[in-house]
1. Residues Thr35, Thr19: which one is more than 22 Å from Arg155 (Cβ to Cβ), of a type in the set (Val, Ile, Thr) and surrounded by 24 or more Cβ atoms within 10 Å (Cβ to Cβ)?
2. Suppose the filter is in a helix (DSSP H, G or I), at pLDDT 95 or above and aliphatic (A, V, I, L, M); does Ile149 pass it?
3. Filter segment 49-98 down to the residues that are touching a Gly at 6+ places or on another chain (Cβ under 8 Å) and in a loop (DSSP other than H, G, I, E, B) and list them by number.
4. If you check every pair at least six apart or on different chains, which have Cβ atoms under 7 Å apart with a residue in segment 73-100 that is farther than 15 Å from Leu57 by Cα and surrounded by 11 or more Cβ atoms within 10 Å (Cβ to Cβ) first and a residue that is basic (Lys, Arg) and at pLDDT below 95 second?
5. How about segment 1-14: which of its residues are in contact with a Gly (Cβ under 7 Å, 6 or more places away or on another chain) and either surrounded by fewer than 24 Cβ atoms within 10 Å (Cβ to Cβ) or at pLDDT below 95 (or both)?
6. May I ask you to verify whether Arg46 is closer than 17 Å to Thr35 by Cα, surrounded by 16 or more Cβ atoms within 10 Å (Cβ to Cβ) and in contact with a Leu (Cβ under 6 Å, 6 or more places away or on another chain)?
Amino acid sequence: MPGTRDGLILGIDPGLAGTGFALFSEPNLVLDCSTVVTIPGRDGARLLTITNHLRALIAAHPPAEASIEELFMGRNATSAVGVAQARGAILNVLEECGVPVYEYKPSQVKVILTGYGNADKGQIGRMLAAQVKMPEGRFDDHARDAIAIAVCHARSRKFTRAATR
C-alpha cells in the first residue's frame, strides 16, 4: 500500500530503547516527527510497541518510500543487537505494507547533509534547521536522525532521477 502522496518519505532511526520517525514531504517540509521510547523489559514487548506505532503511522500517512539507517557496529555489541532487532521488526512491517525501503550508512547521511562524513550531531542539527521547515518544538536525537535520514533519501532520489534522465 505505497503512499498516494507523491514523494512522502518516512525516515526511521531504529533502536530498541528509542526509535525515531519522521514524515518528510518535498521540497523541504517535515510534516511530523516523533520518537517511540520503550520501557525496559522483554524485547518482544518493546518491539511490539515500535511496530504498532509504525503501523498506525503508515495507516494515517501512507508513505511512498521509507529510508532507514543501516546497522552501525560500534563499541557496544549489546546496543547493536537491540538496533538489529528493531530494524528487523521495522523492515518486516514495511514489507508487509508494501513500502519500498532504502538504507543509508550514517556517514552517507552526514555527507549529504553537511558535506562531511564525520559531522557531529550539532552540525547535523544546524544544517537541518537551515535547510528544511520543521514543526515547532524541540526534538531528541532519534527524531532528528530520522529527519536527517529522510532528507538524505530525498536528495539521493533527486540525484538518481537526474542521472537516469
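The values are calculated or read from the model by the stated rules, or taken from the named source; none is laboratory data. As the structure is a prediction and not an experimental result, all values here were calculated from the model. Ideal geometry is used to build each Cβ from the backbone, glycine not excepted, and the neighbour counts take in all protein chains shown.
1. Thr19
2. Criteria met by Ile149.
3. Within segment 49-98, His61, Pro62, Pro63, Ala64 meet the criteria.
4. No pair meets every condition.
5. Met1, Pro2
6. Answer is yes for this residue.
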